[in-house]
1. Need at least 1 residues that are in contact with a strand residue (DSSP E or B) (Cβ under 8 Å, 6 or more places away or on another chain) and touching a residue at least 60 places away in the same chain (Cβ under 8 Å) per element, so show me which strands (runs of 3 or more DSSP E) inside segment 354-469 make the cut, counting only ones lying wholly within it.
2. Among the strands (runs of 3 or more DSSP E) confined wholly to segment 205-250, which include 3 or more residues that are in the same structural domain as residue 285 (by TED's automatic domain parsing) and closer than 23 Å to residue 329 by Cα?
3. Is segment 308-320 home to any residue that is over 21 Å from the mean Cα position of the chain (by Cα) and over 24 Å from residue 384 (Cα atoms)?
4. Cβ-Cβ below 6 Å, separation at least six or inter-chain, first residue in segment 232-253 and at pLDDT below 95, second surrounded by 19 or more Cβ atoms within 10 Å (Cβ to Cβ): which pairs?
5. Does segment 312-340 hold any residues that are closer than 20 Å to residue 369 by Cα, among the aliphatic types (A, V, I, L, M) and either surrounded by fewer than 23 Cβ atoms within 10 Å (Cβ to Cβ) or touching an Asp or Glu at 6+ places or on another chain (Cβ under 6 Å) (or both), and which are they?
6. For segment 300-322, state whether one or more residues are among the polar types (S, T, N, Q), modelled with pLDDT under 95, over 25 Å from residue 378 (Cβ atoms) and touching a strand residue (DSSP E or B) at 6+ places or on another chain (Cβ under 7 Å).
7. I'm checking my understanding of the structure. Among residues of segment 346-361 that are of a type outside the set (Gly, Ala, Ser) and touching a Ser or Thr at 6+ places or on another chain (Cβ under 6 Å), which one is surrounded by the most Cβ atoms within 10 Å (Cβ to Cβ)?
8. Could you pull out the residue among 149, 122 that is touching a Lys or Arg at 6+ places or on another chain (Cβ under 8 Å), in the same structural domain as residue 210 (by TED's automatic domain parsing) and on the phi > 0 side of the Ramachandran plot?
Amino acid sequence: MSRLVSVLSVLVSATRASVGSLSGRFQIISLRSTTWSIAFSILCLPTLTYAQLAVSGGGTGATSLSGYLYGNGTSPITASATIPATASSFTQLGTGALTRSLDAKAKENALSLLDYCSDNTGVTDCSTGIGNWFAEGVALKKALYIPAGTYRAASQLVWNLHPIASTGINVFGDGRAISIIKFDSGVTSPAWNIVGNDTPDESLDYSRFENFQVLGSIAGTLMAFGRDDFNDAMNEFQLNNLFIFNTSTNGSAVALKLNYFLNGLVNVDANGGGFNTTTNVGSGYAALYCNQCFMNTFMGSYSLSGNGIYLSNGFNVTNTFLNTDTEANTTDIRIDSANAVSNTWVGGQISLATYGINATAGSGNKFININNAITGTGTAFMPNSTGVWLETPNFNNVATPTLPASGTAVTNTSGQKVLVAVSGGAVSLVKRNSTWLFAVTNVTVILEPGDTIAVTYSSAPSWTWTPIR
């Protein structure tokens, strides 16, 4: 014990000379440990006190602080002082970078939905907040950001893009399984409708929707672009990495409907209400419903509905479908419009359905290297092939029909280019599409899909139909 006292005496003597200069600088240090307090008492250091640093913040003119400020080796600041400009400003890196306020820097970013609806758990109705969020995005011409979470909408959303018709809007989330707009059941159809003014020749350009999910159980359309009367053309829109899921099993349920949609890019996963694997029947009306679509590029998957991809109404012309996955529908691809012309499917799959391609109208719709996976009792890959051109080397849909009565026309409904070889018998006339070709037997005729052939004879010949690869 005597040695400890001697050591402490030496330390006290050595430090007393400098304590006076340090005493002022230790006034705001708070040492609450009893052990250290005893130790400092033994060393005869001055009593240490604690002072709260109060800083005002937020709101216009919040530039003052009170209390004591240390940490940079300078003299203490007492009472109130002005916060330096550098504390509330932002300067980007690099030569020539300008100094801006933090407020302006923060507000240049996309408008977050959380700034207008604080609940991202799907409990609170965000319909009003979503409307305000959209209105500000239009007014400020800023992108709209959907942070991760679920945002509930108990009312229909109608977004009129007329004020930004020539510039469009960008709406994006954190991922199609992460950022979700969820509609209550019973919301008016279309639950989310993106439109222009209902006046002829309205043209809306360049909007983009990507990386989020739209979910609901709507006995009608969940998400629609454009009006049913085709008064608002949607030009060069991009729908990318969206998951549009209408879980309704109602016969009129549609996941995504496109009205007068032009030269766009559509890469979505659109699903209906379900699929019965025993009967090969899907629930709902359509996963993708195209009403007057021109020159678009489609990718993605379209499933769990009455029709996977449905071309109907208006003019559906020169669209390209790249590696689309259509499966688990009553009909994977349905075409029933006479004005569905020159659309092309390249690659992709047609599977798990009652019917693969069911085309009862249209012309020049080509399918190239499609994987046909339609199997099972009561199913048919192509029950109707009006206007279909099938160029799939590993698929043979050509069967030689029975030779009809003399002069009766037969249509090539195989969807493939066919070589018809007529031989034997006594043939006086062979016509293709009502045009006289030959007046002899032992001839061959090439039929495109939809062409007709008629053979006039006094003694029946034989014929064979062979696909041309």
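1. 388-391, 462-467
2. Correct list: 208-216, 221-225, 238-246.
3. Looking through segment 308-320, none of the residues is over 21 Å from the mean Cα position of the chain (by Cα) and over 24 Å from residue 384 (Cα atoms).
4. none
5. Selection gives 322 alone.
6. yes
7. 350
8. None of the other options fit; the residue is 122.
The values are calculated or read from the model by the stated rules, or taken from the named source; none is laboratory data. Small disclaimer: the values here were computed from a predicted structure and weren't measured. Virtual Cβ from ideal backbone geometry, glycine too; neighbours counted across all protein chains shown.
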